[in-house]
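The values are calculated or read from the model by the stated rules, or taken from the named source; none is laboratory data. Just so we're clear, the structure is a prediction, and the values are computed from it rather than from any experiment. No Cβ is skipped: glycine too gets one built from the backbone with ideal geometry, and neighbour counts run over all protein chains shown.
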Amino acid sequence: MAAGTADLIDAVIFRGSRVRAESVAWHYDNVPEVGRFREPAGQLEFERSKQIISRYLQTTPMKIVDIGAGVGSYSFWLAQMGHSVTAIEPSEKQLQIMVERNNQESRKLVRISNGYASKIELPDATFDIGLCMGPMYHLCTSQERSDALKEIKRVLKPEGLLVCAYISRFASLMDGYFRDFVEDSNFVGLVKVDLQTGVHDPGENMKYFTKAYLHSVKEIEPELSAAGFEMEHLFAVESFFWCLPSLGRYLQDPDLRAQLEGFVCTIEEDETLMGSSAHLLSISRARQLKVRP
């Protein structure tokens, strides 16, 4: 870790599933997400996600916690708009990248912590918005996801907003044909399990991502509801456009890009196309317990 980094990062003790957590953190230590949003599909995901999140931002500064912040792409974007952002991330490599960038930014993150969604060392009812742009990818049991959602709800203010990202159940199947991974029989076996169980486990083959959970559309709202959230919207982030061979060319042309983004917005809540999107984004409110008179 870079000199001085340890002084800038708040240590958080994680008491959850150590084997699972270490394997995912190991993946991002070795493959930090520094370039994913520069690829065409990543560009579309990032810009679309920002557009959706922007609909729920106030002009006055908001207190936001970015859980599973990666290298801080969303955190720094929000801080640059004047919001007070706390970033939490399990990978030491990605934490280091965030701290180094934070040292150079004029509008800084207020806090960078090493931690997990299941154990957030922050006070109750503190934040207006919770961003969960990655943790649901890597919590492979319903109990883990429930524990994380309840912990996030704890740190949100009454009626606080949760923005939660998911990988679609069909993402590995579509990606397999887009990138010709299906020519590998091991990948085909992996996809068959993905479709049946949602649990994507490529072992040590980083070419096929890391252990992850791929959500079906129909399970997202019940999962949020059981943890005390009321889902207001579920959006397809990229729809099927992420698999277009010419996506990069469309994004480079301002007119074609505007046209594509317009169509994505038009169909973003169409249930018949929802599962074709690589990523889904739910918008939910923390429900308050009703007190009997």
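Going by the conditions given, is residue 275 farther than 17 Å from residue 40 by Cβ, of a type in the set (Gly, Ala, Ser) and without any contact (Cβ under 8 Å) to a residue 40 or more places away in the chain?
Values: farther than 17 Å from residue 40 by Cβ: yes; of a type in the set (Gly, Ala, Ser): yes; without any contact (Cβ under 8 Å) to a residue 40 or more places away in the chain: no.
For residue 275, the condition - farther than 17 Å from residue 40 by Cβ, of a type in the set (Gly, Ala, Ser) and without any contact (Cβ under 8 Å) to a residue 40 or more places away in the chain - is not met.
Please find, among 145, 107, the residue that is over 17 Å from residue 28 (Cβ atoms), out of contact with any Cys (no Cβ under 6 Å at 6 or more places or on another chain) and crowded, with 21+ Cβ neighbours inside 10 Å. Steps first, please.
Values: 107 fails: crowded, with 21+ Cβ neighbours inside 10 Å.
None of the others qualify; the one that does is 145.
Please go through segment 104-131 and pick out each residue that is touching a Phe, Trp or Tyr at 6+ places or on another chain (Cβ under 9 Å), outside any loop (DSSP other than H, G, I, E, B) and within 23 Å of residue 56 (Cβ to Cβ).
Across segment 104-131, the qualifying residues are 129, 131.
Just the residues that are closer than 22 Å to residue 50 by Cα and assigned to a helix (DSSP H, G or I), please, taken from segment 154-180.
171 - this is the single residue of segment 154-180 that is closer than 22 Å to residue 50 by Cα and assigned to a helix (DSSP H, G or I).
Can you spot a residue in segment 196-204 that is buried (at least 18 other Cβ atoms within 10 Å of the Cβ), out of contact with any His (no Cβ under 6 Å at 6 or more places or on another chain), without any contact (Cβ under 8 Å) to a residue 40 or more places away in the chain and small (Gly, Ala, Ser)?
There is no residue in segment 196-204 that is buried (at least 18 other Cβ atoms within 10 Å of the Cβ), out of contact with any His (no Cβ under 6 Å at 6 or more places or on another chain), without any contact (Cβ under 8 Å) to a residue 40 or more places away in the chain and small (Gly, Ala, Ser).
Scanning for something under 24 Å from residue 151 (Cβ atoms), modelled with pLDDT of 95 or more, assigned to a helix (DSSP H, G or I) and not small (Gly, Ala, Ser), does segment 78-93 turn up at least one residue?
Yes, some residue in segment 78-93 is under 24 Å from residue 151 (Cβ atoms), modelled with pLDDT of 95 or more, assigned to a helix (DSSP H, G or I) and not small (Gly, Ala, Ser).
So residue 96 passes all but one of these: (1) of a type outside the set (Gly, Ala, Ser); (2) modelled with pLDDT under 95; (3) out of contact with any helix residue (DSSP H, G or I) (no Cβ under 6 Å at 6 or more places or on another chain); (4) more than 24 Å from residue 278 (Cα to Cα). Which condition number does it fail?
(3)
Here are the criteria: (1) in contact with a helix residue (DSSP H, G or I) (Cβ under 6 Å, 6 or more places away or on another chain); (2) touching a residue at least 40 places away in the same chain (Cβ under 8 Å); (3) within 20 Å of residue 44 (Cα to Cα). Tell me which single one residue 267 does not satisfy.
Residue 267 satisfies all of (1) in contact with a helix residue (DSSP H, G or I) (Cβ under 6 Å, 6 or more places away or on another chain); (2) touching a residue at least 40 places away in the same chain (Cβ under 8 Å); (3) within 20 Å of residue 44 (Cα to Cα) except (2).
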